[in-house]
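First the structure, in the form of structure tokens, and then the observations on it.
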Amino acid sequence: MKALMMTKYGSISTSLAFQSVAMPKASANQVVIRVCASSINPIDYKILRGDFKALSKVQFPQGIGRDVSGVVVEVGKQVHHFKVGDAVLSRIDESLVGTIADYVASESHHTTLKPEQLTHEEAASIPLAGLTALQALVTTANLKAGEKVLIHAGSGGVGSIAVQLAKSIGAFVATTTSTANAELLTKLGADQVIDYKQENYLEQVSDFDVVFDTLGGDYTLDAFKVIKKGGKVVSISGEVDDILAQDLGLNLIIRTILKLKARKIVKAAAKKQAMYRMILMSPNGVQLAELVDLYVNKKIKPVIDSVYPFTKSIEALEHLLKGRAKGKILIKH
Ligand SMILES: NC(=O)c1ccc[n+]([C@@H]2O[C@H](COP(=O)([O-])OP(=O)(O)OC[C@H]3O[C@@H](n4cnc5c(N)ncnc54)[C@H](OP(=O)(O)O)[C@@H]3O)[C@@H](O)[C@H]2O)c1
């Protein structure tokens, strides 16, 4: 079968190649999926360029892509809730990465059924970004109806889902975006759209319950300026907190370095008696099914920036790297 493979650390143009590779086989708890659509995420190019080398090394050649929607072609011996022919979607496990391919294996508990109401492209837009939004806003921040949440980069892959998810919970949603995307965010239901090209968001919001920091850098520390006392800052791009460092099983030297890097954030959080968490999303079939229900019930609409053919996957990644995607970039197989 054909797959887009990472051949070495480097740039999208120099370190990716289409190769003929062996078909995956389903182990006891896995399904093999014929890929109909996949979607790309910043982690794909970040791993390729070596951003996480210190934490985990890639064994090249390795597949690329984590989101899939397709049709089950093989089920493992212990899999009873999927059968050959089922349309499914999944955020596959890191150990199985490689959805920009003809076929991919997925753990069955990371997989859920695709409803007929969603196309494969729409379904493939959900897993990684949707689970990130859900695990940040619901699992970690425990966002409630009536609470005020600031979501940075509302027009991005994660942000466009997070804004709609927060609205479905009944929260007041403020979001930052550029002038070109302001109208999109209003359509997605945001209560307050802050155009970062025209306004300083720090002057537009205060006393918020939750900040969802998708941008990192200064945005993480500045989040503590806009939350109320006892508020919550959940980041997906900021400094690693102690809980995550422990979950990742990092050694003492790396944990000490990370602690030093996060010291200003920890201080700012303590001053506000606030919570700070940096999360790494994880695959979860049950939560994925909950998200799919929100799409079926039209609480969340798929926001698709563009759809590239499989043969143009490298161009799709170059597009994502520019950082201007409006929603998700998809690949049709
Ligand atoms: N920790 C985790 O588990 C996890 C999971 C998913 C993603 N992430 C990370 O989260 C980040 C966002 O992911 P994504 O998939 O949403 O990325 P993305 O789709 O590439 O984000 C692009 C969007 O970001 C917006 N943006 C860029 N700079 C902005 C700024 N200063 N203010 C407001 N909006 C801005 C752009 O809007 P404009 O064009 O209007 O500027 C664009 O719509 C990435 O760094 C990714 O690696 C982490």
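The values are calculated or read from the model by the stated rules, or taken from the named source; none is laboratory data. Values in this document were obtained by computation on a predicted structure and should not be read as measured data. Positions of Cβ are backbone-derived with ideal geometry, glycine not excepted, and every protein chain shown enters the neighbour counts. All accessible areas refer to the heavy atoms of the entire protein, side chains included, with ligands and DNA or RNA removed. Shrake-Rupley method; radii C 1.70, N 1.55, O 1.52, S 1.80 Å.
Karplus-based coupling profile of the range 248-264, in residue order and whole Hz: 7, x, 6, 6, 4, 5, 5, 5, 5, 4, 5, 4, 5, 5, 9, 5, 5, with θ = phi - 60° in 6.51 cos²θ - 1.76 cosθ + 1.60 and x standing for Gly or Pro.
Between amide H atoms placed 1.01 Å from N, distances below 5 Å from residue 74 occur with 32, all of them 5 or more places distant or on a separate chain.
Along the range 46-57 the Karplus relation, 6.51 cos²θ - 1.76 cosθ + 1.60 evaluated at θ = phi - 60°, assigns HN-Hα couplings of 5, 5, 4, 7, x, 4, 10, 3, 5, 8, 7, 8 Hz to successive residues, with x for each Gly and Pro.
Applying both filters, DSSP loop and at most 11 other Cβ atoms within 10 Å, to the trypsin sites (Lys or Arg not before Pro) of the range 168-232 gives 197. Around the amide H of residue 16, modelled in the peptide plane, lie the amide H atoms of 7, all under 5 Å away and 5 or more residues distant in sequence or on another chain.
The apolar share of the surface of the chain, taken as the fraction of accessible area on carbon and sulfur atoms (1.4 Å probe, ligands and nucleic acids excluded), comes to 53 percent. Applying 0.36 nm per residue to the separation of residue 271 and residue 55 and subtracting their alpha-carbon distance, the gain on full extension is 74.7 nm. By the equivalent-ellipsoid construction on the alpha carbon gyration tensor, the range 75-133 comes out with semi-axes of 18, 15, 11 Å, ordered largest to smallest.
The alpha carbon radius of gyration of the range 3-75, expressed as a multiple of 2.2 N^0.38 Å, is 1.21.
Extension gain for the segment residue 142 to residue 255, taken as residue separation times 0.36 nm less the Cα-Cα distance, is 38.0 nm to one decimal.
For the range 144-189, with every protein chain kept in place, what is the accessible area per residue (1.4 Å probe, Å²)? Per-residue accessible area for the range 144-189 comes out at 31 Å². Each distinct pair of alpha carbons in the chain adds a 1/r term; the inverse of their mean, the Kirkwood radius, is 20.3 Å. Taking amide H atoms as placed 1.01 Å from N in the peptide plane, the amide H of residue 235 lies under 5 Å from those of 213, 277, 278, 279, each 5 or more residues away in sequence or on another chain. For the range 78-181, the C-alpha radius of gyration sits at 1.25 times the compact-globule guess of 2.2 N^0.38 Å, with N the residue count. Taking all Cα pairs closer than 8 Å and separated by 6 or more residues, the relative contact order of the range 106-257 comes to 19 percent. Scaled against the 2.2 N^0.38 Å expected of a compact globular protein of N residues, the Cα radius of gyration of the range 128-278 reads 1.01.
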